[in-house]
1. Starting from residues that are closer than 30 Å to Val331 by Cβ, touching a Lys or Arg at 6+ places or on another chain (Cβ under 9 Å) and not hydrophobic (A, V, I, L, M, F, W, C), keep the ones in the range 436-465 and report whichever is modelled with the lowest pLDDT.
2. Identify, please: which residue in the range 383-400 is open to solvent by 100 Å² or more (accessible area, probe 1.4 Å) and over 42 Å from the mean Cα position of the chain (by Cα) and is, among those, nearest to Tyr414 (Cα to Cα)?
3. Looking at the range 142-188, what helices (runs of 4 or more DSSP H) fall wholly within it and have at least 3 residues that are of a type outside the set (Lys, Arg) and within 24 Å of Glu96 (Cβ to Cβ)?
4. If I filter the range 297-318 down to residues being within 21 Å of the chain's Cα centre (by Cα) and farther than 21 Å from Tyr414 by Cα, which single residue comes out as most open to solvent (accessible area, probe 1.4 Å)?
5. Out of the residues in the range 165-195 that are among the hydroxyl-bearing types (Ser, Thr, Tyr) and open to solvent by 20 Å² or more (accessible area, probe 1.4 Å), which is farthest from Ala232 (Cα to Cα)?
6. Six or more apart or on different chains, Cβ under 6 Å: which pairs go from a residue in the range 325-341 that's closer than 20 Å to Val401 by Cα to one that's among the polar types (S, T, N, Q) and open to solvent by less than 60 Å² (accessible area, probe 1.4 Å)? Could you list them?
7. State whether one or more residues within the range 336-343 are assigned to a helix (DSSP H, G or I) and among the basic types (Lys, Arg).
8. Which one of these does Ala323 not meet: (1) over 30 Å from Ile378 (Cα atoms); (2) of a type in the set (A, V, I, L, M); (3) open to solvent by 40 Å² or more (accessible area, probe 1.4 Å)?
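The values are calculated or read from the model by the stated rules, or taken from the named source; none is laboratory data. Keep in mind that what you see is a predicted model, and the values were worked out from it rather than measured. Here the Cβ positions follow ideal geometry from the backbone for every residue, glycine too, while neighbour counts run over all protein chains shown. Ligands, DNA and RNA are excluded from the accessible area calculation, which covers all protein heavy atoms including side chains. Shrake-Rupley method; radii C 1.70, N 1.55, O 1.52, S 1.80 Å.
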Amino acid sequence: MNMIHDPDVLETENLSPVFEEMQQLVFRSAREKQPVHGVEKAIWEQMLLLGHKLLGQFFALSGTGDMGETVTLPTGEVCQRLEELHERRYVSIFGEFRLQRVVYGSREKQKIEFVPLDNRWQLPESVFSYVLQDWDQALCVEQAFGQASTTVARILGLKQSVDSLEHTNQEMAQDVTNFMLTQPPPEQEAEIVVASADQKGIVMRRQADDPAPKAHRTKGDKASQKRMATVATVYTVDRYPRTPEQVVAALFRDAPEPSRDRPKPQHKEVWASLPRDEVPGSGIESAYAWMIGELFLRGRAKAKDKPLVFLADGQEALWEALAEWLPERAVGILDILHVTPRLWKAAHVFHPESSQAAEDFVRDRVLRVLQGKAAGVIRGLREMATKHGLVGAKKKTIATVCGYLESNLERMHYDEYLRAGYPIASGAVEGACRHLVKDRMERAGMHWTIPGAQAMLDVRSIYVSDLWNQYQEYRIARETERLYPHRNLAEQLFTMAA
């Protein structure tokens, strides 16, 4: 075993001058009355230099990993030591290294079977260190790749291409699904399990065979091509019984709702999925599959006596998917905040905008809807349309409003929901759409490929679900298991040599 003794390393790389230089830097800066920001930056640059030297010593202490002419793997396979040392690039937060290692296999230019040092150090598959990948992607989930590259370069002095950051993002996304569905459920959950879904468009990058954009767009032409991501969320919340009158007062800001009394969602986790080209509707299917995994595989809704509520707007595709994936268990509720805008549209057919009459019209009908009288509201609107002899656009508006409400009547038993303390607005998933998708993926000039967009959605799901650190540990463990099944062999032999 080729191991270098500690004194040998220290003699070849004495770090005392580096510490002395840092101390002299401080003394000199104080003497010359330098501004603190300049001193701070100079100390940081010296710290990076010191970190590079120390990490270099760590590598040197392990030698080249020579374990003799042959190594017998636990599988019984005997590997030969190849004559030449093999170099590997490693980019750490302190800078780049070129690692020279002994490798074992059958012969040169054939598959390398065993690299003792790689096993001993548990190097990542990528040339970039796990720490650097973590820091890079923690920035990339919030900033454009180019901005993240610039930020890291300013802090660490490392230049990384946008392509490398995008590639790392896609690699980091590979284990997200397994991770989320294999996590134990939270130890303490609230009284009601809530699932919700919504959709948000993401601008796609034009493919080489796509037709060129028109020089002048006419009505109906889109500036860019979007693909709809289905966003799902699961959380729990305690019951919050209210009366219809209290909800109306909150909606119309008659009195501020005491926020400290309102239960807060607990352990909210989110997921988003884009459809694949070859499978229409696959984005919704993937999102609902994740939702079912959260509810039953992880056990968040396993107890049959625990109420399960599904909240969404009136988009039929979301409700059709619910009927397919969760046909009986969930109480389906139409988001009340998708009812009120339609009642405002109806009000403006009969009354001027911003008028007290329009507000009174909406206030009365919202209250009746919350009292479980939505069918009567629909009848009343149609009778008013007939009585006023509406034609054209106004008639169409009332017909559209009534059609929307009528198609969702079975999801509008708000009097029952309020007595049971169920939530009746899907703010959690709409907030997830905004935070998960819009805040990162709809910035000016951004265009995505499907694989790139899905990878960012996956990694960002981990980030916004507050599972980032746990996921980094999980994926490193998974990759180490895959890359180094014989790492214990290297560990034992290094221990014997030491």
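1. Within the range 436-465, the match that is modelled with the lowest pLDDT is Lys438.
2. This residue is Glu383.
3. Per the criteria, 145-156, 162-172.
4. Leu297
5. Looking at the filtered set, the residue picked out is Thr182.
6. Sorted first by the residue in the range 325-341, then by its partner, the pairs are Leu334/Asn408; Asp335/Ser426.
7. Yes, that holds for at least one residue.
8. The single condition Ala323 does not satisfy is (1).
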